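First the structure, in the form of structure tokens, and then the observations on it.
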Amino acid sequence: MLKVEFDEDRCKGCELCLEACPKHIVSMAGHLNAMGFHPATVLDQEKCISCGFCARMCPDVVITVRKEEKENG
């Protein structure tokens, strides 16, 4: 399951999310988006701790962070 999703076509490539990530797993994609910027992405979703720092830093609100739901046992 994806923990972090980026709306790549709206990302301006400001790199604020790179600086905010405590796990240093956010990187800039090698391709260009519809606006001509390299969008931010997370390649190793398993290392994401769903802290939401990247989403809070994003000025364009293009990042969605999902927390894993624990099963009731």
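Computed from the coordinates by the stated procedures, all read-outs in this text should not be read as laboratory data. From a predicted model like this one, the values you see are computed outputs, not experimental measurements. Cβ atoms come from the backbone with ideal geometry, glycine included; neighbour counts cover every protein chain shown.
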TODO: Quick one: order 66, 10 by neighbouring beta-carbon count within 10 Å, fewest to most.
DONE: 66, 10
Open item on the list: Loop only by DSSP, 13 or fewer other Cβ within 10 Å of the Cβ. Give me the GluC sites (Glu not before Pro) in the chain that pass, ordered by residue number.
Closed with: 68, 69, 71
Open item on the list: Once each part is reduced to its C-alpha centroid, what is the distance from region 51-66 to region 1-21 in angstrom?
Closed with: 7 Å
Task: Rounded to whole Hz, the Karplus (6.51, -1.76, 1.60) HN-Hα couplings of region 16-30, x for glycine and proline - done: 5, 5, 4, 5, 7, 6, x, 8, 6, 10, 7, 9, 8, 5, x
Task: Max mean-square fluctuation residue, GNM over the chain, Cα-Cα springs under 10 Å, options 34, 20, 55 - done: 34
- [ ] Label region 4-65 by shape, choosing from rounded, prolate and oblate, from the square roots a ≥ b ≥ c of the eigenvalues of the Cα gyration tensor; if a/c is under 1.5 it is rounded, and otherwise prolate applies when a/b is larger than b/c, oblate when it is not.
- [x] prolate
